[in-house]
Structures are given as structure tokens and as C-alpha cells.
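Colleague: Just passing along the structure, written as C-alpha cells.
The values are calculated or read from the model by the stated rules, or taken from the named source; none is laboratory data. Source: prediction; values computed, not measured. Cβ coordinates were reconstructed from backbone atoms using ideal geometry, including for glycine residues, and neighbour counts include every protein chain displayed. Ligands, DNA and RNA are excluded from the accessible area calculation, which covers all protein heavy atoms including side chains. Shrake-Rupley method; radii C 1.70, N 1.55, O 1.52, S 1.80 Å.
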Amino acid sequence: MAASNLVIVESPAKAKVINKYLGNDYKVIASYGHVRDLPPKDGSVRPDEDFAMEWQMSDKAKKQIAEILKLTKASDTVYLATDPDREGEAISWHIAEILKEKKLLNKVAIKRVAFNEITKTAVQKAFSEARDIDSHLVEAYLARRALDYLVGFNLSPILWRKLPGSRSAGRVQSVSLRLVCEREREIEIFKADEYWSIETNLETDSNSTFTAKLSVVDDKKLKKLDIINEDEAKKLTKRIEASKGDFRVIDVEKKQARRNPPPPFITSTLQQEASRKLGFSATKTMSTAQKLYEGFAINGETVGLITYMRTDGVTLSQDAMDSVRSMIGKRFGDNYVPEKPRLYKSKAKNAQEAHEAVRPTDITRTPEEIGSFLPEDEKRLYTLIWKRTMACQMENAVLNQMSVDITNTAKDLVLHATGSSIAFDGYYALYMEGRDDGDDNNDEKDKRLPPLNVDDALKVNDILPEQHFTQPPPRYTEATLVKKMEELGIGRPSTYASILQVLQDRNYVTLEKKRFFADNRGRVVTTFLANFFSKYVEYDFTANLEEQLDHVSAGDMAWKDVLTAFWKDFSNAVGETKELRITEVIDVLDAELEHVLFPIDEEHPEKDVRACTSCADGRLGLKLGKFGGFIGCSNYPECKYTKPFSSAEGMAADDGVLEGGQPKELGMHPITGMPVTLRVGPYGHYVQVEPEPIVELPEPEPKEEKATKTKKTKAKKPKKPKKPKVPKPKRMTIPRGLALEDIDLDKAVELLSLPREVGIHPETGEMIKSSIGRFGPYLIHQGKFKSLPKDEPEAVLTIGLNRAVDLLAQTSGKAGFGELKKLGDHPKDGKPVTINRGRYGAYIK
């Protein structure tokens, strides 16, 4: 007997868990994510037809939708239980529209259920409060999808025509790229200033020592850059030496400071903290959190471990707060529990998701108790979420802070010292938030000072002048870039990870040592858009558009009004570029990027950096080729001098790697004795070893012909000499994430020795190998491929047999290649018939 209720979720893992919470009258099936999207062709969104949109079902979704339609016909009610956000609402709407087109809604009832956590209580409550699809959330999705299509589908072709080698532009993607490129420019124009600080090591009568810094000279408070060179530092050092035994405490200020715990995690802060403390990329954080949300088997019961991870909300449910406060009291004592629960309000611009913060579904499931049931990454992320949730409801940390001023007899010099001690650790007992580069440094306040009182005599043991230089703003990490996007209101929680990934996939930015470097392709694209589509890469414009979409979600604005207002100006801007010549584009880019292309030689500022080094009178300038920008001579084609511009090539600008775009010699190959070099090409960095020279053997002497009877024979045509085979150099791509400065001769030889034999598979008895292909590092066994994790760039060189066998045993959609399913034996020859996945899709073998 078929179930009378059909439940549709997004993922199979989610379906498996929910199925256990519902009775036999419910059949749960997965849609496998989005079932329809705008086809990548002209006319998918038609502004002239009131923004009519054409949808296309993916090949992957067709089979699943066929199963959904079949089960719908045998059901009384269809429950759409996709994720509780705008994307989830959109998937539910798409499924409902398909059922409507198939005229099935006249025969079945359709309801929407949404739950923030996959627990029995939450799921059953959601089904008891089933509702209709939220039309406002759907309209906000439609507006967002149409905007992204209109921007991408109209801007990208312009880039392809005007900027060969460029990949794409996007409504949010291009603005995020601008952030990285502008930071690169700030670093380039930064001029370091020298300054000095003078610290003294002081000793009390009780032989306690501490350090104090010179802060006032002749009644003038010293600013950071007031001591500008070594000569001034030496003069002040001598003045302190002259008063060595005359220093006394003249002021002691003591106070208590209370530090509040950070709020519970939202999507962006989870990504930031996981980056700082765990080294996770934004993509890895979200995929790991997804697994925790969908659930793991704990003591025989599969249950979701955290609430939904795409959220702007910093609130906790009353039940959750009560549970957390109870756990704090049991584990730390009642003095760690505040008198009232802590309530938080979002500071994020345009925060609008009405969901709880990211928290454990049950705080009593401590990391210690369930850690053995989880893989290592999931365990680490769950521990982070558990601690942050506990900490947000704990008492403040209380610090005893002390500030001391010390002067000499003449009172013309004042030394200053600060320190603190913990009076009550509060939430510090469990958790301290990570810091980003550029955050205020409070290390001095965290120092400990001995007991000090006014008029205490102090002895100067050492005087420590120290040279410093001002530092440029740091390049963005994933954590700080997400933080900046959130502050500006660019993007949404569900899009941060994908935006950062797209920028890397397009080769617009490079992530080296966890820092984003703007590649030359990204610099060119940003400069082009900033000059010819400036409005659409402005931070305020993008944030205001996000705000309008939030108004659509709330039902305060019509979605087509937003599209109409946007399209009117945007289509005009696109139209203005039709007559734009590539030479005009090159002239603008050449002028705007002159500081990148032709940096002034600081040692020889009079040198003409645009003079061609190959011909007598040529001028160097930006040129555009099929792989992007390069520098060429104005006398082309007579002068064919070219070189890539490399100052934005990630590590190239900082470490001298591939200076000037030229190969970097790493040494001689230990076996062949041939040169090994590090190079950069249109598709990234690679190592290369030159082929061994061909040794030409002397041709054998012709044999003497035996005397034979005379015969008339046709003259043979002389054979064409065979073209000598010219050996090609061996090359190997450097895996993404492997720092260029770590590529020495040994590492290059390791890479060039690929493919590597990992070991014999214990079940098949055949060899497993690892290598690098066009899609990155992979394993191969019996003709089947398995991609290696992107966040482990050296795995291709280090992976062991046990881990390789485990990875090959995992089935993971696109990541794995080879046999997917055995259909049986062929009726004629008895050979097995299988469905396989190749690089270009599935096929039958």
C-alpha cells in the first residue's frame, strides 16, 4: 500500500533522518537540490515581456522529478520540506510549479513545512504547523535570479569581446573582486615610514621586573611617529641613562573592565572563526556544517546536530537558552550564569533572515561525548559551535587593569606601563574569540605588572630602543573578506562561500598563504568595469539593491518594480559599449594600470620604464591577447618583444618568484642532469624539466650489393627523410593551495615524478596511483578516477594506501569518475554492462 503523504526534501541524507521521525503514512524523497534553473542562453529572462522567465530542468533532475510525479499520483498530500531559507522556498515553488503544469494539484493537497533543526520535536512541530509557500520569499528569489542573469549574461559577452582572456562578470562577484583589487592598490602605493620606540626594563625594591615605554618628553606626549630615526632614539636613550637611578612612580590608576562574550554564530561569523581557528575555507566550513545539520548516527539514532547554518539571526530560542544556562551551571557553577539570559541583536547591514543562530540542537551532546561518532573535521567544527553557544550565555570576564606613570627627578621624561590580570574568567574559562590582522592589539594591556604604589623607587636595568616601520593594510583572508562584505551589505549568507570560490575558479584572484592576491586578469576586469560600468561595481549601489530585495522578501516592494528600475539604466549602459573600440579600452587600461605595468625604478628614477629593451625607439604598452593582458612594443610586428606583467601574480610581487614573468631556475634534475624551472602560463603555475638531448648514432655503412643477373627494374623513389622526433619537456601543474615559495628543487622533482604509485589495493590486487590532471589532483584505480581534497594540496605526494582505499570507496557525484552502477551481463557475449561517469558526463559501457 502506497504512503498517503509524500514529503520532498533536498538531500538524501536529510530524507533518511526525517523518514525515521514520521509514521508509515509518509514517504520521504529527495529532490537533490534545485530542479530547474534559467538556461544559459539568450532570452531566458525577457525584460520586454514583463520579465518573463524561461526555466529548464537539468538532466540530473529529470529522473528524480519523474519519481516525484509517480509518487504524487499515489498520494493525498505533498509536503515540501526544503531548507528554511529563500533558496529552499524557491525549490519548493519550482516543484509546485512542475506539479501544477502536470495538472496534479487538482488531485492532491500541497503544503510547505520548514524546520530550523532536524530533530524529532522540531520536525513534528513543523508538520503540525504546515503553511502555504511564502510568495514574497519566492518573488525575492525570482528578482535576485533575474538580476544575476541580466548582469552576467549582458556583461560577460562584453568582457569576452573587449577583454580577451576574461571569463565572466557578476552582480556581486565583480564588486567583491573590486575589494581585493583595491586592497592590492593600497599595498602598492603604500610608503613605509620609519619610527622608533624606547622601552625600559625596570626593577622594584622587591626585585620584580616589568617593562615601560617612553611616553612623554619635555611635557609633550609622544605620538607613534614622533621618533623618526636612530639618531633621535639614541639622544633619548642617553637622557634616560643619565637619570637611571632617579625614576619613581608618580601615578597608579586601577580599574576593573568587563568584557562581554561574543554573540552566537551566524553564517558569516562561523566562516570567519572557522578560518581563523581551524584553517577552513568558507566552502569547507559550509559543507562540513551541512553534514552536521543533516545528521550523524549517535548511539544508534541518526539526528541533526546543529541548526540551519545559513542565517543572519543571532537569537536563540527560549528552550535553547534555558538548556544552555542549565549546562553552564552544571559544568562551571552558578556564578558563571548571568542573572538574566543574554539577548543579542544583529549588527549586520540588511540582516533579515528570521532564523535562530547556528547552535547545537541539543547542548547536552558535548563534544567529548559525541566526538567519537564524528569525522575529524565535523568534530572540530561542532566543538567550535558548541563552545561559542555556551560562551554567549556565560558571565562577563572581569579584568583588573592597572596603568602606571613613572618619571625622573627632573620630570622631563615619563615612562608608561599598562597591565591586567583576570579577576574572574567568566566566559574566558571556555572560549576566546580569534583576531584578524589589523584588529586593535591589546597585548600590552594583557601584560602582568607587579604591585606598585605612588612614590615607589625604580631602577632602570636596560634601555631598549627598537626600530619599526609602518605596515601596509594586510591582504584579505577569507575571514576578513567575508567580514568586509557583510559590513558593506554585499551578498547574503548563502552566497559568501560561492562568491569567493568563483573568484578563484575564474583566475581573478589567487589564495596564497591564506591571503587573496589580485591576479592580473582580475585587475584588468576590475579596471574595465570601474571605468565603463562604474555604477554597477559601487558598494553602495550593490548594498542598496540587496536592501530592495529584502523589502521584496518582506512584501514591502513589488519585485518587478525593482527589475524595471534596474534594467532601464543598465541596458542603456550596455548599449553605450557597443561602439566602444578595443583600442579605446586598451588606452584606458594602459593609463589606469601604469603603476602596475611600469613601476618606477626607485634606484634609477630617471630611467624611461616604457622604452623597449629590444628595439631602438619602441614604446612599451598594454596589449590584449587571447589569454589576457601582456606588455608589447609599439613597433610590432617589426619588433616582437613581449612579456607578461607579473606584479599582480600572487607571490611574484612579494618573493621574486618568476620576476618579470621569466622562468625561475630551481636547479638540475638529480637523475637526468637537465634544468628544472618554475614557470607561469595562461592556466597557472607549473614546473618543467628539459628533455635529455638526443644522441645521434652514426648511420650504418651501406651493405655491398651482390652481383646478380641483369634485369630491367624500375628506379625506386628516394625515401623522404624522417623528421627527427623532438622530445618535449615534461611539465606538471602545481596544485592550487601549494605556496610558490615552497617549490624548491626537491618538491619540483617530486611533482615531475608523477604519477606516483600509492600501493596495491587489498581487494582488487591492482595498483592505485596518484597524479595531477586538468581538474586537479586525483587517484586512479582500475580506470576509475577520484579527486583528492582541494584543501590538501600535498595529498597527491603524501597520501597513504589506507586513506586512498577509503577515498576510492566513497561515492560523491561529480568528484568520482568510473563505474557508478552495474546493470547486468550482456545477453550475447556475457560481458558486464555498467553505467559509468566520465569527464563529460555519464555513459553506458
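Colleague: Any idea which of (1) under 33 Å from the mean Cα position of the chain (by Cα); (2) modelled with pLDDT of 85 or more; (3) not in a helix (DSSP H, G or I) is the one ILE586 doesn't satisfy?
Modeller: Condition (3) is where ILE586 drops out.
Colleague: Related question: Hey, could you check the range 382-404 for residues that are out of contact with any Ser or Thr (no Cβ under 8 Å at 6 or more places or on another chain) and assigned to a strand (DSSP E or B) and say which is surrounded by the fewest Cβ atoms within 10 Å (Cβ to Cβ)? Quick ask: steps written out before the conclusion?
Modeller: Pass one, the range 382-404, residues out of contact with any Ser or Thr (no Cβ under 8 Å at 6 or more places or on another chain): 382-385, 387-398.
Subsequent filtering for residues that are assigned to a strand (DSSP E or B) retains 397-398.
Values: ALA397: 20, VAL398: 15.
In this case the residue turns out to be VAL398.
Colleague: Name the residues in the range 49-70 that are part of a helix (DSSP H, G or I) and surrounded by 17 or more Cβ atoms within 10 Å (Cβ to Cβ), would you? Break it down stepwise before answering.
Modeller: Our first condition is that a residue be part of a helix (DSSP H, G or I); within the range 49-70, this holds for 49, 59-70.
Scanning the range 49-70 gives ALA61, GLN64, ILE65, ILE68.
Colleague: Also, I was wondering about something else. Taking only pairs six or more apart or across chains, which ones have beta-carbon atoms under 6 Å, a first residue in the range 542-571 that is within 20 Å of GLU49 (Cα to Cα), and a second residue that is in a helix (DSSP H, G or I) and acidic (Asp, Glu)?
Modeller: TRP559/GLU139
Colleague: Go through the range 485-500 and count every residue that is farther than 12 Å from ALA282 by Cβ, open to solvent by 30 Å² or more (accessible area, probe 1.4 Å) and either in a loop (DSSP other than H, G, I, E, B) or out of contact with any helix residue (DSSP H, G or I) (no Cβ under 6 Å at 6 or more places or on another chain) (or both).
Modeller: The total comes to 1.
Colleague: Just wondering, is there one or more residues in the range 481-494 that are under 23 Å from GLU186 (Cα atoms) and β-branched (Val, Ile, Thr)?
Modeller: Within the range 481-494, the subset under 23 Å from GLU186 (Cα atoms) is 481-490.
If we keep only those that are β-branched (Val, Ile, Thr) as well, we get 482, 490.
Looking for residues that are under 23 Å from GLU186 (Cα atoms) and β-branched (Val, Ile, Thr), one finds at least one in the range 481-494, hence yes.
Colleague: Could you look through the range 501-525, keep only residues that are touching a Lys or Arg at 6+ places or on another chain (Cβ under 7 Å) and open to solvent by 20 Å² or more (accessible area, probe 1.4 Å), and pick out the one that is farthest from GLU184 (Cα to Cα)?
Modeller: ARG506
Colleague: Now a separate question. Going by what's in this entry, would LYS535 be described as assigned to a helix (DSSP H, G or I) and under 30 Å from ASP791 (Cβ atoms)?
Modeller: Working: assigned to a helix (DSSP H, G or I): yes; under 30 Å from ASP791 (Cβ atoms): no.
So LYS535 fails the test.
Colleague: Continuing with the same structure: Which condition number does LEU452 fail, the rest of (1) assigned to a loop (DSSP other than H, G, I, E, B); (2) open to solvent by 50 Å² or more (accessible area, probe 1.4 Å); (3) at pLDDT 90 or above being met?
Modeller: Result: LEU452 passes all but (2).
Colleague: Still on this structure, I have one more. Suppose we filter SER176, SER197 for residues that are among the hydroxyl-bearing types (Ser, Thr, Tyr) and under 30 Å from GLU594 (Cα atoms); which single one remains?
Modeller: On inspection, the qualifying residue turns out to be SER176.
Colleague: Another question about this same structure. Can you name the number of the only condition in (1) at pLDDT 70 or above; (2) open to solvent by 70 Å² or more (accessible area, probe 1.4 Å); (3) more than 29 Å from ALA13 (Cα to Cα) that ASP829 fails?
Modeller: (1)
Colleague: Oh, and also: Would you mind listing the helices (runs of 4 or more DSSP H) fully within the range 198-305 where at least 1 residues are open to solvent by 70 Å² or more (accessible area, probe 1.4 Å) and free of Cβ contacts under 8 Å to residues at least 12 places away in the same chain?
Modeller: Answer list for the range 198-305: 230-242.
Colleague: Hey, any hits in the range 598-605 for a residue that's under 32 Å from the mean Cα position of the chain (by Cα), open to solvent by less than 20 Å² (accessible area, probe 1.4 Å) and at pLDDT below 90?
Modeller: Taking every residue of the range 598-605 in turn, at least one turns out to be under 32 Å from the mean Cα position of the chain (by Cα), open to solvent by less than 20 Å² (accessible area, probe 1.4 Å) and at pLDDT below 90.
Colleague: Residues ASP193, ASP148: which one is open to solvent by 10 Å² or more (accessible area, probe 1.4 Å), within 26 Å of the chain's Cα centre (by Cα) and either within 30 Å of PHE469 (Cβ to Cβ) or not hydrophobic (A, V, I, L, M, F, W, C) (or both)?
Modeller: The unique qualifying residue is ASP148.
Colleague: So which of LYS103, LYS125 ends up being without any contact (Cβ under 8 Å) to a residue 12 or more places away in the chain and in a loop (DSSP other than H, G, I, E, B)?
Modeller: Details: LYS125 fails: in a loop (DSSP other than H, G, I, E, B).
Just one listed residue meets the conditions, LYS103.
Colleague: To continue, here is another question. Looking at the range 765-781, is at least one residue of a type in the set (Asp, Glu), over 26 Å from the mean Cα position of the chain (by Cα) and open to solvent by 70 Å² or more (accessible area, probe 1.4 Å)?
Modeller: Within the range 765-781, one or more residues are of a type in the set (Asp, Glu), over 26 Å from the mean Cα position of the chain (by Cα) and open to solvent by 70 Å² or more (accessible area, probe 1.4 Å).
Colleague: So VAL324 fits all but one of (1) buried (at least 20 other Cβ atoms within 10 Å of the Cβ); (2) closer than 30 Å to PRO793 by Cα; (3) out of contact with any strand residue (DSSP E or B) (no Cβ under 7 Å at 6 or more places or on another chain); what number is the exception?
Modeller: (2)
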